[in-house]
1. Check VAL219, VAL246 and return the single one that is out of contact with any helix residue (DSSP H, G or I) (no Cβ under 9 Å at 6 or more places or on another chain) and more than 20 Å from GLN169 (Cβ to Cβ).
2. Return the residue satisfying two criteria in turn: it lies in the stretch 198-245 and is polar (S, T, N, Q) and in a helix (DSSP H, G or I), and of such residues it is nearest to GLY161 (Cα to Cα).
3. Consider GLU273 carefully, then state whether it is part of a loop (DSSP other than H, G, I, E, B) and in contact with an Asp or Glu (Cβ under 9 Å, 6 or more places away or on another chain).
4. Give the stretch 8-29 a look and list any residue that's within 26 Å of THR98 (Cα to Cα) and part of a helix (DSSP H, G or I), or say none.
5. Quick check on the stretch 292-309. Is at least one of its residues β-branched (Val, Ile, Thr), surrounded by 23 or more Cβ atoms within 10 Å (Cβ to Cβ), closer than 20 Å to LEU32 by Cβ and in contact with a Ser or Thr (Cβ under 7 Å, 6 or more places away or on another chain)?
6. Can you tell me which residue is modelled with the lowest pLDDT among those in the stretch 325-370 that are polar (S, T, N, Q) and assigned to a loop (DSSP other than H, G, I, E, B)?
7. For the list (1) crowded, with 16+ Cβ neighbours inside 10 Å; (2) farther than 25 Å from VAL364 by Cβ, I need the number of the one condition that THR140 fails.
8. Quick check on VAL199: is it of a type in the set (A, V, I, L, M), within 23 Å of the chain's Cα centre (by Cα), buried (at least 23 other Cβ atoms within 10 Å of the Cβ) and over 14 Å from PHE233 (Cα atoms)?
Amino acid sequence: MSYESTAEPIRLGYLFDFRLPEYYPKEMRADLTQTFELVFNEGLKQKVIDRPVQIVFREVEGLPKGTVKAVIDAYGELVDEGCLAIFGPSISDNAVPTREAIEQRFHVPAISVTGTEDWLGEWTFSFPMGSLTDEPIFWTQLLAKGGHGEVGVLVEQSLVGETYLESFQSACRGAGIRIVATERIAQTAQDVAGAIRKVHGAKPSALVHCGFGFGILHVNSALAELGWDPPRFTSTAFENAWISPVLWQALMGWTGLDQYDESNLVGQRFLDEYKEAYGRRPEYCLTVVNRDIATVILRAFADARPLSPRGVREALERVKMIPAASGAPGTMLRFGKWSHRAWMGAGYLVARRLNPDGINSHLVDRFGQS
């Protein structure tokens, strides 16, 4: 290849702000980056971009188990390595303080799957895998459909948990649902038997969990000790089930919110391509969500003038109405000036329950459907 034909790769930072357990399946760990690689390689093949994209991966322990400092330091390292954009951090408790550092120090665009709107800013874009304000409205829809007029709530003591609770209280008032008990629990897996007994004593007909998800670990066992099996609902914490068999069992019996919908043909076609490339067809949220994020980043890299952090930021704002692989059929991807949240339409969230096989889940409901 001639001197004139070669170019440095575009660097994309991938900041994963919690450490996966050692026993996390290798093939699922590969899903984190292979989805991006598939989209970027196809973009190079189709000449959407004229140089390859190199993914620079960082995995650090942010909140709830680690520190915000570890996340901000990792972001700075990715900036120093020449990344033009960074995917992450993802957890709201890390994302909000990192946004301040991005705006004050780094000036490199970041895309997150955080559910908090406090992440959104000049340099920060969101593919919210759920929303701390939208999800509670969906819970009230599910509760009302089930005929539940009184509910008990478990709240993780965190930014995520408290924001969920505030939104849920407002949604319940509008839906005529009464919260009869509210108990706060730790962000991490701790003894919750006392909290469960107090909620049980208030005699709600259903249970709701507000939080990132690790606090839910011992809830099912505490319910079993009481012989209580209420309908129970959680957030996109449901998506943590794929982290480990322990979390899968902890979330069995819960209705949770998710972004994988098997009726979305854009997503199904992408999974066909994924299987052809890698020999697996991972039918869960991660692959279709990451496909959407990678597709938007590809468009921004192709359209950046110049190919710099600010050029990429401005190009992200020009991405319009791309059919999404995640969410219900018809979900679209769109950014704009002062509009830094991508998925459009209520169907970006669906309700699902886990199957006992430890691999699959099934659709329960779609947001906004009567």
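1. Working: VAL219 fails: out of contact with any helix residue (DSSP H, G or I) (no Cβ under 9 Å at 6 or more places or on another chain).
Within the list VAL219, VAL246, the selection yields VAL246.
2. Going through the stretch 198-245, the residues polar (S, T, N, Q) turn out to be 205, 220-221, 234-236, 240, 244.
Remaining after also requiring in a helix (DSSP H, G or I): 220-221, 236, 240.
Numbers: ASN220: 19, SER221: 21, THR236: 12, ASN240: 15 Å.
Residue satisfying both the conditions and the ranking: THR236.
3. Judged against the criteria, GLU273 is not a match.
4. Result: ARG29, single match.
5. Among the residues of the stretch 292-309, not one is β-branched (Val, Ile, Thr), surrounded by 23 or more Cβ atoms within 10 Å (Cβ to Cβ), closer than 20 Å to LEU32 by Cβ and in contact with a Ser or Thr (Cβ under 7 Å, 6 or more places away or on another chain), which makes the answer no.
6. SER370
7. (2)
8. Spelling it out, it is not the case that VAL199 is of a type in the set (A, V, I, L, M), within 23 Å of the chain's Cα centre (by Cα), buried (at least 23 other Cβ atoms within 10 Å of the Cβ) and over 14 Å from PHE233 (Cα atoms).
The values are calculated or read from the model by the stated rules, or taken from the named source; none is laboratory data. These numbers were taken from a predicted model, which means no experiment stands behind them. FYI the Cβ positions are ideal-geometry reconstructions off the backbone, even for glycines, and counts take in every protein chain you see.
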